[in-house]
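Have a look at the structure below before the remarks.
The values are calculated or read from the model by the stated rules, or taken from the named source; none is laboratory data. Worth saying up front: this structure is predicted, and the values here are computed from it rather than measured. We place every Cβ from the backbone using ideal geometry, glycine too, and count neighbours over all the protein chains shown. The accessibility values were calculated without ligands, DNA or RNA, using every heavy atom of the protein model including side chains. Shrake-Rupley method; radii C 1.70, N 1.55, O 1.52, S 1.80 Å.
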Number of protein chains: 2
Amino acid sequence: MKTNPLKGMKDYLPAEQALRDYVQGRILETYRASGFERISTPMLEDMENLDKSDGGDNLNLIFKVLKRGDKLASAIASGNEKDLSDMGLRYDLTLPLSRYYAANKDKLPSPFKVIQTDRVFRAERPQKGRMREFVQCDIDILGDGSCNAEIELIDVTARALLNIGFDDFTVNINDRRLLRGMLTSMGFAPESLDSVCITFDKLDKIGAEGVAKELTEKECPAEAVAALSDFLAKGEFSLEAIGALCEDKSLAENLGKVIATVETLANGKYKIAYCPSLVRGQGYYTGMVFEVTCAAFSGAVAGGGRYDNMIGKFIGQQVPAVGFSIGFERICGILAEQGFAIPAQKPKMALLYLPDADFAQVLAKAATLRENYTVTVLPQAKKLGKQFGTLENQGFAAVAFADNDDVKTLGANS
Amino acid sequence: MKTNPLKGMKDYLPAEQALRDYVQGRILETYRASGFERISTPMLEDMENLDKSDGGDNLNLIFKVLKRGDKLASAIASGNEKDLSDMGLRYDLTLPLSRYYAANKDKLPSPFKVIQTDRVFRAERPQKGRMREFVQCDIDILGDGSCNAEIELIDVTARALLNIGFDDFTVNINDRRLLRGMLTSMGFAPESLDSVCITFDKLDKIGAEGVAKELTEKECPAEAVAALSDFLAKGEFSLEAIGALCEDKSLAENLGKVIATVETLANGKYKIAYCPSLVRGQGYYTGMVFEVTCAAFSGAVAGGGRYDNMIGKFIGQQVPAVGFSIGFERICGILAEQGFAIPAQKPKMALLYLPDADFAQVLAKAATLRENYTVTVLPQAKKLGKQFGTLENQGFAAVAFADNDDVKTLGANS
């Protein structure tokens, strides 16, 4: 039989799992103290729902579950690939949340401030830091169309990161509509905006000339490309300058308000910055989008945005929604690389017993020692010195014995 | 789009999830204090491993995942159902643990005392109390062949149940080898023992005559059936009487030792009873088996046993193993039916703000109130009396206001 986990999936050793449980615990602690409530949905969703969701590239990465019984037999007979499967493993927690809200909205408070932290699945080509099964850690506010929802999600997410021990991070923020408004004002066609945004997002890498070149290759109108180049040449990427180009003046005003409010709340503990090129991948975002970056690591450690149209697909009535997701795997990976030590709980003690010990007495002694220690009951080895070394390597801080009152302190955690 | 979860799977509302998190937290607390360590494995396992496991009926209930890309195209062309899938959702946590131990044994302590609590999947016909996705909550000891492992698992599991608030339960225990030894001594053929055990297990329901009738129908030797009937007529189901019929006298001795030791540890808080007909379903059990029953509920709330041959299938070398699984869904169901109230954490407070409020100040005020409350920030409704009623129904204990220092106590939890 095969002993390794499946490609792109992972077994977690006790120390790795302890770190994961610790990180999740600290995140949940912050979320819950702020009045957010945890829910849970099945790992599997109806295949039609998944197919119709705005998941972009993720739709190609769904693990599909085979039909069963007679339904499978007739699907095989049809020879049609689409027929073979009626459910799939979820690729994110946003589609299940939207379905959940539609199914249960009469039983839920409004606005609904919700926590989800659980596994999702994507059939990606496995590579470092990209797995086929991974944990997402989301908070969402459903039913609040004001930008207070964005402010609160940023505040709570930032406090969760601080609570884990992260600092020196920046919340980057944009409103997709600002970028689109600016590009529209310059003469780019509405239907080309997604494609133009993708190019514009590369500004840092390819520079203003590179952007102009790529847009020309994409056959954008010459006047529009020239207008954008002029704008870039001026180097005026301020919220005021971009907002002035948009028809809807409230966009820049609201984004400015969010930034100013978060700056007050952050009180210097973290930064917030307007990032005019930020778009983020998901097709379902409709307004503000945000992303947390750390100077010390490339890539984002958290991201989210507003998706006001998703829930309407289920209930035919728009429900405003904003979400912010902490990159749980990324956070755990960074902490592990840094050799992060989980703050001390009760120290680990091994209670050793000999073969002839009265095991009821051994376990009773363990019970009393548990007041001050996490106690593991173990058979005493013949070579006691070697056993001490092994136990020390396993993180035990002390050894006690079933047949006497000695306590030996090991050099663990030193 | 469809709003309901898939058949046999469940969305959990905030109050339901809070109960689940509470129960899991209390169980983990007991397990961890006893030196058990949590691990985690992927939801998906290789299809061949699943097929070769001794899962009994569960093998027919595996959700299989469709192959992808070229592999799928050629599988469809072959028209062979078995070819369509290369992985499946796990149906329990024991097969994944055995694979995990084989893959990681050099990095794990011995004996390895391990916690697993996570979702498993079975494509059952949905019915009350039987779901297609559910949580299992297991502890196992790998690498200890002595019956101290059984004693410790029973002690820890019973303490976990007491810690959740369960009492008045009985741990029923048997050794499969005792039952088989007795039946062999009576003249039943070795290859018929599984089938005879299934009939014997019905003793409570169909009585001694019913058992004799069914065994005769199964064409067991008349002398064997007569010997069993004589034995049953005597009504001597004591461990001594059954042990005396077995060739291996250590079986009854060890089981007696486990019962006596657990009785001492239980100290009257729960009961342990020899149950000569207990078999339990899984094909992989090799020795003692146990099951926890409550007088107040039919069916078991926990079960387990020794499975010394499973890990050997992966590494070609026998590793003794015992496991005990708490019926997490059953426990949560019973507590919910009883209207169990989760012990008080910080009381819930709503901090209400008006549309013109400075939201940075609102969130800053929430932060200070969080010292004593779980604080949810909410827009203040026009009809304040109605809002108080809604909040009280949602379990809020108090209301504070962004624009003044009033605190209104609600009748929640009264």
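Residues that are touching an Asp or Glu at 6+ places or on another chain (Cβ under 9 Å) and either on the phi > 0 side of the Ramachandran plot or buried (at least 22 other Cβ atoms within 10 Å of the Cβ) (or both) within the range B:309-324 comprise B:Met310, B:Val319, B:Ala321, B:Val322, B:Gly323, B:Phe324, listed in sequence order. Could we say that B:Ala244 is surrounded by fewer than 17 Cβ atoms within 10 Å (Cβ to Cβ) and touching a strand residue (DSSP E or B) at 6+ places or on another chain (Cβ under 6 Å) here? So B:Ala244 does not fit the description; no.
Scanning the range A:358-372 for residues that are within 9 Å of chain B (Cβ to nearest Cβ) and buried (at least 17 other Cβ atoms within 10 Å of the Cβ) gives A:Phe359, A:Ala360, A:Val362, A:Leu363, A:Ala366, A:Arg370. Among the residues making up the range A:19-33, a single one is facing another protein chain (nearest Cβ under 7 Å) and buried (at least 18 other Cβ atoms within 10 Å of the Cβ): A:Ala33.
Applying a threshold of 7 Å to beta carbon distances and a minimum spacing of six or more residues, or different chains, the list of pairs starting in the range B:340-352 at a residue that is farther than 23 Å from B:Asp406 by Cα and ending at one that is of a type in the set (Phe, Trp, Tyr) and at pLDDT 90 or above reads B:Ile342/B:Tyr22. Counting only helices (runs of 4 or more DSSP H) that sit completely within the range A:90-194, those holding 3 or more residues that are at pLDDT 95 or above correspond to A:94-104, A:148-164. Any idea which residue in the range A:50-60 is nearest to B:Leu84 (Cα to Cα), counting only those that are more than 9 Å from chain B (Cβ to nearest Cβ) and touching an Asp or Glu at 6+ places or on another chain (Cβ under 9 Å)? Per the stated criteria, the residue is A:Leu59. On the basis of being more than 7 Å from chain B (Cβ to nearest Cβ), small (Gly, Ala, Ser) and within 28 Å of B:Phe36 (Cβ to Cβ), does A:Ala77 make the cut? Taking the combined requirement at face value, the residue does not satisfy it.
Considering the range A:1-89, the qualifying helices (runs of 4 or more DSSP H), each wholly inside and each with 2 or more residues that are in contact with a Phe, Trp or Tyr (Cβ under 9 Å, 6 or more places away or on another chain), run over A:14-33, A:47-52.
If you filter the range B:113-152 down to residues that are of a type in the set (S, T, N, Q) and without any contact (Cβ under 8 Å) to a residue 24 or more places away in the chain, you find that the one that is nearest to the other protein chains (Cβ to nearest Cβ) is B:Asn148.
Scan the range B:389-404 for residues that are under 36 Å from the mean Cα position of the chain (by Cα) and polar (S, T, N, Q) and the total you get is 2. The one condition from (1) farther than 25 Å from A:Arg176 by Cα; (2) modelled with pLDDT under 95 that A:Leu352 does not meet is (2). One residue stands out among those in the range B:80-99 that are within 7 Å of another protein chain (Cβ to nearest Cβ) and free of Cβ contacts under 8 Å to residues at least 40 places away in the same chain: the one that is nearest to B:Cys137 (Cα to Cα), which is B:Ser85. Being over 15 Å from A:Leu179 (Cβ atoms) and crowded, with 18+ Cβ neighbours inside 10 Å is a property that does not hold for A:Tyr274. Residue pairs whose Cβ atoms lie under 8 Å apart, sitting 6 or more positions apart in sequence or on different chains, and linking a residue in the range B:229-240 that is of a type outside the set (A, V, I, L, M, F, W, C) to a partner that is open to solvent by 40 Å² or more (accessible area, probe 1.4 Å), are B:Ser229/B:Ala208; B:Ser238/B:Tyr274.
Residues of the range B:317-362 that are among the hydrophobic types (A, V, I, L, M, F, W, C) and closer than 24 Å to B:Gln127 by Cβ: B:Ile326, B:Phe328, B:Ile331, B:Cys332, B:Ile334, B:Leu335, B:Ala336, B:Phe340. Restricting the range B:288-302 to residues that are at pLDDT below 95 and touching an Asp or Glu at 6+ places or on another chain (Cβ under 8 Å), which is nearest to B:Cys137 (Cα to Cα)? The residue in question is B:Ala300.
Pick out the one residue from B:Glu37, B:Glu45 that is under 30 Å from A:Ala364 (Cα atoms), more than 16 Å from the chain's Cα centre (by Cα) and touching a residue at least 12 places away in the same chain (Cβ under 8 Å).
Numbers: B:Glu45 fails: under 30 Å from A:Ala364 (Cα atoms).
That would be B:Glu37, the only listed residue that is under 30 Å from A:Ala364 (Cα atoms), more than 16 Å from the chain's Cα centre (by Cα) and touching a residue at least 12 places away in the same chain (Cβ under 8 Å).
With respect to (1) surrounded by 13 or more Cβ atoms within 10 Å (Cβ to Cβ); (2) in a helix (DSSP H, G or I); (3) free of Cβ contacts under 8 Å to residues at least 40 places away in the same chain, the lone exception for B:Glu209 is condition (1). Against the list (1) closer than 30 Å to A:Ile151 by Cα; (2) open to solvent by 20 Å² or more (accessible area, probe 1.4 Å); (3) touching a Leu at 6+ places or on another chain (Cβ under 7 Å); (4) not assigned by TED's automatic domain parsing to the domain that holds A:Glu150, the condition A:Ser53 fails is (2).
Filter the range A:35-44 down to the residues that are open to solvent by less than 20 Å² (accessible area, probe 1.4 Å) and facing another protein chain (nearest Cβ under 7 Å) and list them by number.
Residues satisfying the conditions are A:Gly35, A:Ile39, A:Ser40, A:Thr41, A:Pro42, A:Met43, A:Leu44.
Taken together, B:Lys107, B:Lys71, B:Lys67 contain a single residue that is of a type in the set (Lys, Arg), without any contact (Cβ under 8 Å) to a residue 24 or more places away in the chain and away from chain A (no Cβ under 11 Å), which is B:Lys71. Here A:Leu193 meets each of (1) open to solvent by 50 Å² or more (accessible area, probe 1.4 Å); (2) under 28 Å from A:Ile311 (Cβ atoms) with one exception, condition (1).
Checking the condition basic (Lys, Arg), crowded, with 21+ Cβ neighbours inside 10 Å and closer than 23 Å to A:Phe237 by Cα, which residue from A:Arg280, A:Arg306 passes? It is A:Arg306.
Tell me yes or no: at least one residue of the range A:347-360 is in a helix (DSSP H, G or I) and in contact with a helix residue (DSSP H, G or I) (Cβ under 7 Å, 6 or more places away or on another chain). Before the answer, list the steps.
Just the residues of the range A:347-360 that are in a helix (DSSP H, G or I), to begin with: A:359-360.
Still in the list and also in contact with a helix residue (DSSP H, G or I) (Cβ under 7 Å, 6 or more places away or on another chain): A:359-360.
Yes, there is a match, as at least one residue in the range A:347-360 is in a helix (DSSP H, G or I) and in contact with a helix residue (DSSP H, G or I) (Cβ under 7 Å, 6 or more places away or on another chain).
Filtering the range A:158-169 to residues that are out of contact with any Asp or Glu (no Cβ under 9 Å at 6 or more places or on another chain) and either open to solvent by 10 Å² or more (accessible area, probe 1.4 Å) or more than 13 Å from chain B (Cβ to nearest Cβ) (or both) leaves A:Arg159, A:Leu162, A:Ile164, A:Gly165, A:Phe166, A:Asp167, A:Asp168, A:Phe169.
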